[in-house]
1. In nm, one decimal, shortest first: how far is the label point of residue B:87 (7 Å from Cα along Cα to beta carbon) from the matching points in the other copies?
2. Taking the Cα-to-Cβ direction at residue B:58 and at residue A:14 and moving 7 Å from each Cα, how far apart do the two end points lie in nm?
3. Find every distance from the label point of residue B:120 to the corresponding label point in the other copies (7 Å from Cα along Cα→Cβ) and write them in nm, one decimal, shortest first.
4. Express the relative contact order of the range A:112-204 as a whole percentage, based on alpha carbon pairs under 8 Å and six or more residues apart in sequence.
5. Under a 10 Å cutoff between Cα atoms, tell me which one of A:144, A:24, A:182 has the largest fluctuation in the Gaussian network model of chain A.
6. For chain A, what does the helix formula give at 222 nm: sum of -39500 (n - 2.57) over DSSP H segments with n ≥ 4, over the residue count, nearest 500 deg cm²/dmol?
7. Just the number, please: Stokes-Einstein D of the protein assembly as shown in µm²/s, Kirkwood Rh from C-alpha pairs, 37 °C, 0.692 mPa s.
8. When you look at the Cβ of every residue in A:128-138, what mean number of other chain Cβ atoms sits within 10 Å?
């Protein structure tokens, strides 16, 4: 029976790039970008380091592709439902946090690179700068909608709600990486959202 | 006039070790432990890398000494007043946050190493694991005292207050490292403490 799957050199190239990107994600998550070597990535795939450079111009291009790839893949693979409206926004945050629990390697990659890339000159410096600005802006807009719907606790402004939610999330992830039994990221986020909003999250 | 300062080979050794530790702190803060090289540390001091190994057995011993040194130095150098009692605890957190603003390099070193050391096998793996456990325990005890004094907001328990305070602090530092103008760590912490406690922090 004929398969509708792509065959031939293009399919082979795509499959090889997929293997390299997956191995690179694992190596960068373990050692960081600076110390993670092309040799270790190549060894995991069972190829020469020079073959990686046939597919990706250099190590920083490879890192950028890993990051874009993860951003593109996460919504499809781990697909939590987006918020149905301001009253559902806190629950949507928790759905995303639970989806992240299923991809710990990606969470660790982001956490390490977020810290590592703070140094100017790191190839992901601009990426993470822009990513934080974008996420803060999206979170602020979501909390502003909640404020308009009367769902924020007295004295809580949308910008602080956004920064503190993002900070609690990132900070709790670092503690969870060090001691998964000691800190529950989703539960910490749930309690933070209960502190910021009047939405009942008991069943979320 | 005779100086009371130590002289001779011991003073020279101590001064050289001080230079190496300071340079190592800067290099590890910029590149992380894994990528920060003994050669770069030696270049900053103007010595050979082999001279570093005369003073410190290997790179991980050097890192451990940098960390211990910072823990020992911070209270003396940056010396914020400890809490005078439960009602002063939130203000004491803010004094420490403001003291950290004067040592951005150390904050960056800790933030990067906290993420990097989550991988088992990193020489600071145990150190950061233990440090987070100790800080969570100290913070929990401080918030429990506040709870006993009736200073926590309804529904806030001491353990969540401790984890969220530490998480907001760490997470806001990462965002501040990427964009110092966008996120004010001390101000974010102040608002978090206002959310957790009933203590008035307007003048703190």
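FYI, it's all coordinate maths here, none of it is from the lab. If you're wondering where the values come from, they're calculated on a predicted model, not measured in any experiment. With ideal geometry, Cβ positions are generated from the backbone for all residues, glycine too; neighbour counts draw on all protein chains shown.
1. Label-point distances to the other copies, shortest first: 4.2 nm.
2. It works out to 4.7 nm between the two label points.
3. Spacings between copies for this position, smallest first, are 4.0 nm.
4. 22 percent
5. Largest GNM mean-square fluctuation: A:182.
6. -23500 deg cm²/dmol
7. The Stokes-Einstein estimate is 141 µm²/s.
8. 3
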